[in-house]
Amino acid sequence: MTTDTIFYTQITSIIVFLLALFSIYRLLVENKDSVIQVLKERIQDRDDKIISLESQTPNALTNALSLRIKIAIDEVERLKADKNIQMDEVKLKQNELGVLKERLNFLSALIQEAGLICEKCGATRTHHDFVPIYSNSGDREIEAEIEYTQYACGRLLQDGEEKETCSN
């Protein structure tokens with residue numbers, strides 16, 4: 001073989017190597033871009049889920065039911081003012097209003113009973129968790145759980161015992 005043939009062969013192999021290297025690099029960059037896009041979509045999905053969960057807080061449920069009660073009260077007042085409407089329809093609307101008030105009282109009691117709001121100021125619960133504790137006593141392993149509950153007002157309960165007081 002001549003020196004020229006060896007030289008051109010080496011040049012060709014270097015060019016093929018560089019082309020293969022850049023092709024692989026391009027595939028990696030495209031893969032990275034698609035992973036970034038998927039992560040952005042996941043973040044957007046999580047943000048949407050957070051917004052929908054925030055709209056389902058106890059305060060949002062209570063506000064929605066209170067708004068329905070206010071609308072029902074306004075409708076009853078309007079019906080009482082209208083002389084052409086029969087009293088049966090007014091009584092029906094008053095019964096509906098009574099049912100809505102009962103549901104609101106039930107919901108309020110349920111929210112209070114579940115510990116979703118601070119008993120002192122009505123702030124919403126921000127964190128609720130059970131933390132396991134492990135210990136050894138002699139040759140036995142002991143496991144227990146401590147319940148932590150924290151409210152937006154700063155109140156902190158540990159196993160039902162107040163560790164930090166309500167700031168309101």
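What residue, among those in the stretch 115-160 that are part of a loop (DSSP other than H, G, I, E, B) and among the basic types (Lys, Arg), is surrounded by the most Cβ atoms within 10 Å (Cβ to Cβ)? First the steps, then the outcome.
Residues of the stretch 115-160 that are part of a loop (DSSP other than H, G, I, E, B), as a first pass: 115-116, 118-123, 138-139, 152-155, 159-160.
From what is left, the residues that are among the basic types (Lys, Arg) are 120, 155.
Details: Lys120: 14, Arg155: 22.
The qualifying residue surrounded by the most Cβ atoms within 10 Å (Cβ to Cβ) is Arg155.
Take the stretch 54-71 and flag every residue that is at pLDDT 75 or above and in contact with a helix residue (DSSP H, G or I) (Cβ under 9 Å, 6 or more places away or on another chain).
Hits for the stretch 54-71 are Thr62, Leu65, Ser66, Arg68, Ile69.
Checking Ala109 against (1) assigned by TED's automatic domain parsing to the domain that holds Gln150; (2) among the aliphatic types (A, V, I, L, M); (3) in a helix (DSSP H, G or I), which single condition isn't satisfied?
(1)
Here are some conditions: (1) surrounded by 12 or more Cβ atoms within 10 Å (Cβ to Cβ); (2) not assigned by TED's automatic domain parsing to the domain that holds Asn63. Leu100 meets all but one. Which one does it not meet?
Answer for Leu100: the failing condition is (2).
The values are calculated or read from the model by the stated rules, or taken from the named source; none is laboratory data. Note that the coordinates shown come from a computational prediction; the quantities given were computed from them, not determined experimentally. Here the Cβ is made from the backbone with ideal geometry for all residues, glycine too, and neighbour counts use every protein chain on show.
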